[in-house]
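Each reported figure results from applying straightforward, stated rules to the coordinates on display, with no laboratory input. Here the structure is a predicted model, which is why all the values come from computation and not from measurement. Here the Cβ positions follow ideal geometry from the backbone for every residue, glycine too, while neighbour counts run over all protein chains shown.
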Amino acid sequence: MRTTSRTQVVFLDTPGLHRPRTPLGERTNTRALGTLDGVDVICHLVDATAPIGSGDRFVAAHVHAVGTPAILVVNKIDLASRDEVARQLVAATGLGDYATFVPVSSTTGDGTDALLAELESRLPEGPRYYPEGTVTDQSTAMLAAELLREQLLGHVRDELPHSIAVSVDALDDDPGDQDEQDDEGVARDELLRLRAVIRVERESQKGIVIGRGGLVLRDAGTAARQELERLLGVRVYLQTLVRVDRDWQTTPDALNRLGL
């Protein structure tokens with residue numbers, strides 16, 4: 001969220017809309033669709049470097065099915081030329097009637113001020129829901145899980161695009177087992193001590209997540225820990241464990257245990 005002296009913008013990052021093939025996909029779609037008519041403005045994100053495709057049209061159809069004002073956000077303009085961005089903006093008009101079109105780069109920040117101005121101009125008057133200085137209402141465990149999953153997908157996205165689930169709890173004093181990887185250089189007596197369980201569906205996927213010599217898991221865990229420390233302003237000890245939970249995406253009990 002972003003709070004200024006005049007406004008407070010609360011962002012809801014929904015799961016990506018898609019044609020579901022598993023119970024997990026059905027649940028995430030339901031969650032995303034349930035959000036669309038409960039917000040003040042929708043941002044529909046498309047990629048400046050990829051052609052407008054059937055997936056974009058699928059999302060657009062659901063966005064326009066509700067009465068919520070929508071902004072089309074064209075991201076990754078840092079990776080595209082001016083002509084490519086212009087062509088993408090023209091192509092995006094075929095997705096339907098949007099309140100406005102805003103090109104941005106989430107990497108460099110270009111265009112984000114313009115996007116915020118567009119959002120703020122469309123917000124109704126209302127109370128301030130969170131105190132100044134609050135940047136997220138997520139629990140520490142949920143934030144840590146998302147950060148770790150994001151880092152892991154950055155390493156293995158092509159191999160395991162949807163097969164990784166992460167849950168995080170406060171770390172107890174159990175010694176753990178041989179699959180645990182401790183972040184290098186972090187003492188066990190730090191203030192915030194967490195254990196992350198990374199679930200995959202196949203034994204072969206476990207090796208991919210851990211990586212040769214444990215490097216993938218170590219690097220992802222270290223990056224997630226450092227980002228968590230930056231966001232929370234405290235030292236963090238993060239322990240990671242990889243487990244095989246067969247077909248967790250298609251098993252309702254497993255999805256319930258993971259809170260999905």
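Computed from the C-beta positions of ARG87 and ALA117, the FRET efficiency with R₀ = 25 Å rounds to 0.50. Rounded to the nearest 20, the size of the Cβ-charge dipole of the range 2-121 about its Cα centre is 380 debye, with Lys and Arg at +1 and Asp and Glu at -1.
Here the calculated FRET efficiency for THR108 and THR30, from their Cβ-Cβ distance with R0 = 41 Å, stands at 0.75, rounded to the nearest 0.05.
Check each of the trypsin sites (Lys or Arg not before Pro) in the range 80-173 and keep only those in coil by DSSP with at most 15 other C-beta atoms within 10 angstrom; list them in order. Sparse-neighbourhood loop trypsin sites (Lys or Arg not before Pro): ARG122, ARG128, ARG157.
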